[in-house]
6 protein chains.
Amino acid sequence: MRVKVSRKANFNAAHRLYRPDWSHEKNDAVFGKCNNPNFHGHNYDLIVSVEGPINQETGFVMDLKVLKDLIKAHVEDTLDHKNLNTDVPEFKNLNPTAENIAVVIWNKLRPHIDKTHTLEVVLYETPRNFVTYSG
Amino acid sequence: MRVKVSRKANFNAAHRLYRPDWSHEKNDAVFGKCNNPNFHGHNYDLIVSVEGPINQETGFVMDLKVLKDLIKAHVEDTLDHKNLNTDVPEFKNLNPTAENIAVVIWNKLRPHIDKTHTLEVVLYETPRNFVTYSG
Amino acid sequence: MRVKVSRKANFNAAHRLYRPDWSHEKNDAVFGKCNNPNFHGHNYDLIVSVEGPINQETGFVMDLKVLKDLIKAHVEDTLDHKNLNTDVPEFKNLNPTAENIAVVIWNKLRPHIDKTHTLEVVLYETPRNFVTYSG
Amino acid sequence: MRVKVSRKANFNAAHRLYRPDWSHEKNDAVFGKCNNPNFHGHNYDLIVSVEGPINQETGFVMDLKVLKDLIKAHVEDTLDHKNLNTDVPEFKNLNPTAENIAVVIWNKLRPHIDKTHTLEVVLYETPRNFVTYSG
Amino acid sequence: MRVKVSRKANFNAAHRLYRPDWSHEKNDAVFGKCNNPNFHGHNYDLIVSVEGPINQETGFVMDLKVLKDLIKAHVEDTLDHKNLNTDVPEFKNLNPTAENIAVVIWNKLRPHIDKTHTLEVVLYETPRNFVTYSG
Amino acid sequence: MRVKVSRKANFNAAHRLYRPDWSHEKNDAVFGKCNNPNFHGHNYDLIVSVEGPINQETGFVMDLKVLKDLIKAHVEDTLDHKNLNTDVPEFKNLNPTAENIAVVIWNKLRPHIDKTHTLEVVLYETPRNFVTYSG
């Protein structure tokens with residue numbers, strides 16, 4: 001009896017999409033207004049899901065309070081109210097697209113999730129644009 | 001041409017998470033404020049999905065009015081405005097965690113769904129905590 | 001320049017609608033399945049709004065972090081994961097309808113809001129049923 | 001590192017469910033009030049998802065602005081503010097159920113998506129009824 | 001202690017915006033694609049609010065089950081799965097704009113609401129376009 | 001027959017709350033993590049409402065396509081994908097709190113709305129924090 005348990009969280013951050021090795025013209029052509037050098041920002045919504053068997057003693061796959069605390073410690077405390085490009089080491093040389101942010105979040109959480117469980121991250125950049133990464 | 005059709009429903013119920021064979025201290029340590037002996041409650045949101053081929057005559061995988069009626073008869077009528085611990089036989093000896101409620105709902109619906117179709121249940125305990133069970 | 005600032009919060013609680021001085025039949029006739037003697041429950045959503053002039057120094061009508069903390073101390077800590085009928089003194093002799101809960105919340109918050117500000121409480125019992133009280 | 005990127009869109013349309021080769025009685029029995037000969041209508045919500053590897057140069061699986069433009073050109077411009085039965089050639093001889101609309105949308109978009117990418121369409125006929133098609 | 005109680009409902013309908021006494025060109029200029037002669041449609045969301053004093057005996061301003069039944073009898077049964085222009089007598093000579101639909105709904109409900117109570121109707125034509133009428 | 005018509009829009013922006021004439025310590029004490037010197041950001045949701053009589057010829061208070069275009073020209077084009085502090089002249093000497101942003105938006109739109117109509121702006125900084133300004 002494998003069940004997927006999911007926890008929704010969110011963080012607010014500034015970012016800019018660009019490659020320093022490209023010209024401003026090429027950055028504009030590829031990244032459009034997301035290439036504003038003064039940054040723009042988003043309320044990111046995050047859904048973290050863990051799948052595994054139900055523990056017959058507790059009835060939990062994983063205590064969602066524990067998952068909530070892991071998300072706070074490893075995601076919110078490092079990304080919330082931050083400038084992703086300048087404040088977050090993982091994006092020093094990595095473009096903070098939704099895809100890359102989702103992979104970074106997955107990598108931050110994976111070591112803290114039971115090895116027999118699967119992990120999935122859904123990241124909403126806006127209510128209309130979102131990405132899913134499962135490792 | 002297999003398609004998944006989904007129907008959203010909801011029910012409101014009281015519950016308490018605890019094990020009668022554990023001490024109150026252990027119940028508090030594991031289940032926290034969900035172990036209030038006087039119960040608390042939730043508006044549960046439910047998404048039931050059935051996957052199968054499109055019937056070429058009707059254009060339906062399954063008439064969603066039929067699925068709506070099955071959810072009403074087998075889920076809402078037995079769980080809505082109930083105390084899960086005291087009013088619902090399935091939880092006499094089963095902790096009503098979101099995981100266990102999802103499995104109970106899946107088991108209630110499975111006999112009424114075409115054998116060649118797959119069945120999935122997503123249960124939201126709150127907008128931030130939800131679980132998925134597919135049998 | 002008066003502006004209304006609003007903060008959304010939520011709490012999960014069990015309750016039962018009935019009058020102890022009425023027969024079970026009359027309670028059933030008036031309160032229907034909300035009169036389950038074993039209780040049912042809801043995820044209550046709450047919007048608290050405060051209206052006043054913008055403080056020209058801070059740009060705030062009222063710091064929403066302060067409002068968030070007031071809601072936590074006076075509403076969430078007293079109502080979340082509680083049985084309204086048995087755990088909350090205000091409902092000892094008061095039927096916990098959405099209307100009465102909204103008035104109780106307003107009365108709990110009013111003393112902590114600047115006297116020159118107005119206060120409004122919107123309480124969602126379900127996404128389809130909600131009430132508004134402004135004192 | 002495969003990631004699924006999703007874009008939400010919407011269109012408003014009228015439709016009627018029925019088969020011209022059936023009697024009105026049979027159409028009513030199967031399609032109920034959806035068989036109103038004068039049509040009814042919906043705000044359809046659409047989620048289009050494309051899965052593939054992250055392009056290491058851009059950090060995108062696929063530029064969501066490009067996906068947005070594809071949805072506009074191939075879905076919105078042909079279905080929005082239309083009567084599906086009378087204005088859309090694909091439904092001349094095909095019942096515009098949610099299942100069939102999802103398949104039609106998938107077929108419209110598939111030729112424009114990179115062959116190495118997978119494509120999924122989720123179509124909400126109402127917030128409570130929706131279907132998923134992945135080819 | 002006056003409280004406003006609100007009930008959310010919804011109906012799905014087809015409509016067309018135009019004036020028969022105008023040329024097709026003028027209708028197109030004013031109503032754009034809403035003037036499709038074959039109709040288009042919407043999932044209309046409706047919030048009906050009634051304000052009055054709390055009945056000290058029940059704790060209700062008005063039983064929301066009664067309001068739900070009034071909305072079903074006077075709004076849903078006459079507008080749901082209908083073509084507003086051709087199936088609903090009130091729009092025989094009245095353009096079914098959101099504004100006019102809201103006024104029609106208000107007029108249908110007003111006779112059934114206690115005279116000492118106020119009545120407000122909010123009608124969402126889409127999640128982005130909505131209107132409010134209070135008599 | 002006065003009706004309020006409302007249009008929802010949104011923009012994504014970076015900002016920072018602080019006063020240059022205050023010490024960093026005082027800014028931190030008052031604005032907390034919103035005082036990140038590298039900025040953070042939000043998806044702002046905006047509801048603009050105009051109230052007036054229904055035009056008996058069109059059935060509109062105001063064509064919502066016109067209101068949509070006004071919001072695009074005067075709000076989205078000047079605030080979307082911008083850094084409010086550095087890119088928007090109105091915030092050169094004004095702290096971009098939600099309250100002040102709402103007032104700036106109201107002032108931008110007011111000259112373009114019929115003088116006999118009232119104007120209201122609701123601005124969501126996050127789904128849990130929002131402000132309302134009516135002039």
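Within region A:52-67, identify whether any single residue is without any contact (Cβ under 8 Å) to a residue 24 or more places away in the chain, in contact with a Leu (Cβ under 8 Å, 6 or more places away or on another chain) and more than 10 Å from chain F (Cβ to nearest Cβ), and answer yes or no. So far as region A:52-67 goes, yes, one or more of its residues are without any contact (Cβ under 8 Å) to a residue 24 or more places away in the chain, in contact with a Leu (Cβ under 8 Å, 6 or more places away or on another chain) and more than 10 Å from chain F (Cβ to nearest Cβ).
The residues in region A:14-26 that are of a type in the set (A, V, I, L, M, F, W, C) and more than 14 Å from chain F (Cβ to nearest Cβ) can be counted, and the count is 1. Looking at E:E51, is it assigned to a strand (DSSP E or B) and open to solvent by 30 Å² or more (accessible area, probe 1.4 Å)? Answer is yes for this residue. Per this entry, A:N43 is not counted among residues that are polar (S, T, N, Q), surrounded by 20 or more Cβ atoms within 10 Å (Cβ to Cβ) and over 30 Å from B:Y133 (Cα atoms). Scanning region B:68-90 for residues that are hydroxyl-bearing (S, T, Y) and touching a residue at least 24 places away in the same chain (Cβ under 8 Å) yields a single hit, B:T78. Examine region E:100-107 for a residue that is open to solvent by 50 Å² or more (accessible area, probe 1.4 Å), outside any strand (DSSP E or B), farther than 20 Å from E:S134 by Cα and not hydrophobic (A, V, I, L, M, F, W, C), and state whether such a residue exists. For region E:100-107, residues open to solvent by 50 Å² or more (accessible area, probe 1.4 Å), outside any strand (DSSP E or B), farther than 20 Å from E:S134 by Cα and not hydrophobic (A, V, I, L, M, F, W, C): absent. As a summary of the residue check, C:N38 satisfies the conditions (1) touching a strand residue (DSSP E or B) at 6+ places or on another chain (Cβ under 7 Å); (2) open to solvent by 10 Å² or more (accessible area, probe 1.4 Å); (3) of a type outside the set (A, V, I, L, M, F, W, C); (4) not in a loop (DSSP other than H, G, I, E, B) except for the one numbered (4). The set of residues in region C:54-82 that are in a helix (DSSP H, G or I) and among the hydroxyl-bearing types (S, T, Y) contains only C:T78.
Here D:K92, D:K65, D:K82 are screened, and the one residue that is under 19 Å from A:Y124 (Cα atoms) and open to solvent by 50 Å² or more (accessible area, probe 1.4 Å) is D:K65.
Screening B:Y18 on (1) closer than 23 Å to B:D87 by Cβ; (2) open to solvent by less than 20 Å² (accessible area, probe 1.4 Å); (3) hydroxyl-bearing (S, T, Y) shows it passes everything except condition (2). Within region D:108-135, being touching a Ser or Thr at 6+ places or on another chain (Cβ under 8 Å) and either without any contact (Cβ under 8 Å) to a residue 12 or more places away in the chain or assigned to a loop (DSSP other than H, G, I, E, B) (or both) holds for D:S134, D:G135. Number of residues in region D:16-28 that are within 23 Å of E:G41 (Cβ to Cβ), in contact with a Lys or Arg (Cβ under 9 Å, 6 or more places away or on another chain) and either in a helix (DSSP H, G or I) or among the small types (G, A, S) (or both): the value is 1.
Yes or no, residue by residue, for (1) under 16 Å from E:L67 (Cβ atoms); (2) more than 7 Å from every other protein chain (Cβ to nearest Cβ):
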residue	(1), (2)
E:T86	no, no
E:P89	no, yes
E:V104	no, yes
E:H117	yes, yes
E:T126	no, no
E:F130	no, no
E:Y133	no, no
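Please work out which one of (1) farther than 29 Å from F:T97 by Cβ; (2) within 14 Å of chain B (Cβ to nearest Cβ); (3) touching a residue at least 60 places away in the same chain (Cβ under 8 Å); (4) of a type outside the set (F, W, Y) is the condition C:T97 fails and give its number. For C:T97, the failing item is (2). If you filter region C:108-135 down to residues that are among the aromatic types (F, W, Y) and within 10 Å of the chain's Cα centre (by Cα), you find that the one that is surrounded by the most Cβ atoms within 10 Å (Cβ to Cβ) is C:Y133. When F:F31, F:F11 are screened for being within 14 Å of chain A (Cβ to nearest Cβ), open to solvent by less than 20 Å² (accessible area, probe 1.4 Å), in a strand (DSSP E or B) and under 19 Å from F:E125 (Cα atoms), only F:F11 passes.
Look at (1) farther than 24 Å from E:K4 by Cα; (2) of a type in the set (A, V, I, L, M); (3) assigned to a strand (DSSP E or B) and you find that E:L94 fails only one, number (3).
The values are calculated or read from the model by the stated rules, or taken from the named source; none is laboratory data. Computed from a predicted model, the values in this text were never measured in an experiment. Here Cβ is always computed from backbone atoms with ideal geometry, including for glycine, and neighbour counts include all displayed protein chains. Please note that ligands, DNA and RNA were not included when accessible areas were found on the heavy atoms of the full protein model with its side chains. Shrake-Rupley method; radii C 1.70, N 1.55, O 1.52, S 1.80 Å.
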